[in-house]
Amino acid sequence: MPPVRSKFYWVALLYFSSGFPLGIFYDIFPVFFRQQGIDLKSIGLISLLGLAWTLKFLWAPAVDHFRHHRIWMAAMDVMMGLVMLVFAMGAGFGPWVWAGIGALTLFSATNDIAIDAYSIEFLQTGEIGLANGLRIGFYRVGMLGAGLILVLSDYLSWKGAFILATLIFMMSAIFSLFAPKEKLKNGASNLSLALEIGSILSRPRFFGAILLFFLASIWLVDHAIHFSKHLAAFWPVAFTIALLVFAASLIFRKKEASFEASEGPMFGALLNLLQRPHIFPVLAFILLFKLPDSAMGFMIKPFWVDSGFSNTEIGLVSVNIGLGLSIAGGLAGGWVTDRIGIFRALWILGLCQGFSNLGYVIAAWAIPHGTGALVLSHRLLMYFASGIESFTSGLGTAAFLAFLMAIVDKRRSATEYALLSSVFALSRSFAGWAGGFGAQELGYAPYFLLTLFMMFPAYLFLPWVKKMLAGMEN
């Protein structure tokens with residue numbers, strides 16, 4: 001086993017390569033296509049291709065089944081590099097652009113699955129706190145790396161910038177292959193998919209869970225592209241069909257299978273999670289822990305704008321300095337987590353994360369909106385609120401990610417981590433949607449104060465979190 005320092009070195013490199021394609025997607029592509037004269041509607045539609053990062057749990061079982069995570073990582077980096085080469089040589093805005101961006105997000109999401117699984121198996125429990133701090137930091141450094149590519153495009157041309165991105169992906173592929181070799185383990189299942197499906201159909205409770213899983217996946221797609229608006233009564237029909245199929249499985253179900261459905265290659269990880277003791281209170285905790293952060297996060301930039309701050313100030317303080325402070329918070333949170341333990345870190349750093357919202361509450365009460373009369377005290381108050389919120393967000397995230405990594409079954413690390421992180425992403429999406437209504441109806445200060453109280457429901461589930469962590473240690 002490599003020394004701890006060596007482990008942290010590889011975690012940093014791998015998560016840089018994880019954040020880099022996300023930066024290309026969100027920072028480079030919109031600028032590139034707008035400069036090519038592409039209309040805003042088409043550029044907006046490109047964002048829908050990012051759905052691959054949300055739905056990656058659907059093909060995570062394939063990574064678990066075939067394993068060899070370093071090969072997955074290297075292959076995906078090479079494929080993303082080839083996509084960048086296509087953009088360097090391509091011209092115009094045709095179907096190839098949609099295919100290229102879709103391929104990039106698919107390869108990036110698959111790369112994320114493999115990196116998460118590799119890191120979970122690579123690290124010991126006492127190391128994942130600081131490792132997650134590095135993970136948070138270098139993931140964002142990877143995004144900043146894409147920003148540097150954007151800056152250099154003025155000097156290298158877009159063709160040169162995409163070729164440089166290709167070289168970075170190819171270097172990442174080489175680094176992946178040189179990472180310490182993962183331990184040889186048998187996959188989570190030796191059963192065929194047909195036998196697994198037969199076993200699930202013989203167990204109505206499991207079959208019902210799978211149906212709900214698919215409905216939730218379709219809802220995530222609909223949440224992104226809103227296809228149900230064009231299909232009358234889509235959701236009532238979908239639920240009716242699901243209920244009829246479930247009823248048919250009750251009537252025509254066969255004799256119980258001779259093996260556990262949780263051993264299956266496709267849905268085994270999901271069913272294993274659902275059978276685990278205390279899983280439902282723990283899932284509730286995962287949904288709620290980052291809620292104060294997520295509920296306020298989408299309203300921070302509009303608050304800066306409405307308070308009269310310039311784009312330069314917003315970009316410098318809220319984005320750039322905020323990014324640096326969140327990286328520092330992630331490192332500090334990881335260090336604390338390793339020393340006091342994941343459970344204690346969750347509730348202590350979670351309190352820091354929640355109470356930091358008070359800074360924006362005070363700023364919203366003190367700064368007059370719409371007058372344009374910002375004085376030095378107003379600016380300093382907003383800068384302080386932004387800095388505290390960014391730093392404590394890193395603190396809480398480090399403990400939270402360490403918790404997710406600690407509770408997954410290492411035999412199915414790719415699938416289980418993808419599933420749990422998707423649960424968290426679901427709450428983040430809902431909080432962002434609800435935040436707009438809350439801030440508009442209540443005003444910034446009352447809404448920001450409300451987000452502070454959103455942290456307490458998660459603490460009701462801490463007893464089950466403690467039991468889950470204790471069970472994984474045994």
Surrounded by 15 or more Cβ atoms within 10 Å (Cβ to Cβ), modelled with pLDDT of 75 or more and assigned to a helix (DSSP H, G or I): is that true of Ser217 in this structure? no
Scanning for something in a helix (DSSP H, G or I), surrounded by 17 or more Cβ atoms within 10 Å (Cβ to Cβ), among the β-branched types (Val, Ile, Thr) and modelled with pLDDT of 80 or more, does the range 173-194 turn up at least one residue? no
Given the structure, is Leu271 farther than 30 Å from Ala445 by Cβ and at pLDDT below 75? yes
Could you list, in sequence order, the residues of the range 64-83 that are modelled with pLDDT under 85 and either in a helix (DSSP H, G or I) or under 25 Å from Trp98 (Cβ atoms) (or both)? Asp64, His65, Phe66
Log entry, pairs with first residue in the range 91-110 being closer than 26 Å to Ser421 by Cβ, second being of a type in the set (Lys, Arg) and crowded, with 21+ Cβ neighbours inside 10 Å, beta carbons closer than 6 Å, six or more apart or on different chains, reads Ala109/Lys56
What are the residue pairs meeting all of these: first residue in the range 373-388, first residue β-branched (Val, Ile, Thr) and crowded, with 19+ Cβ neighbours inside 10 Å, second residue in a loop (DSSP other than H, G, I, E, B) and at pLDDT 90 or above, Cβ atoms under 6 Å, and 6 or more apart or on different chains? Ile388/Ser356
Residues of the range 48-63 classified as over 13 Å from Ala109 (Cα atoms) and not in a helix (DSSP H, G or I), total: 0
Kindly provide the set of residues from the range 127-143 that are over 18 Å from Ser421 (Cβ atoms) and touching an Asp or Glu at 6+ places or on another chain (Cβ under 6 Å), ordered by number. Leu130
Would you confirm, using the coordinates I've provided, whether Asp27 is assigned to a helix (DSSP H, G or I), modelled with pLDDT under 80 and farther than 30 Å from Leu152 by Cα? no
Of the residues in the range 147-172, those that are of a type in the set (Gly, Ala, Ser), more than 21 Å from Trp10 (Cα to Cα) and under 24 Å from the mean Cα position of the chain (by Cα) number 1
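The values are calculated or read from the model by the stated rules, or taken from the named source; none is laboratory data. What you are looking at is a predicted structure, and each value in this text was computed from that prediction instead of being measured. Please note: Cβ atoms are built from the backbone with ideal geometry, for glycine as well, and neighbour counts cover all protein chains shown.
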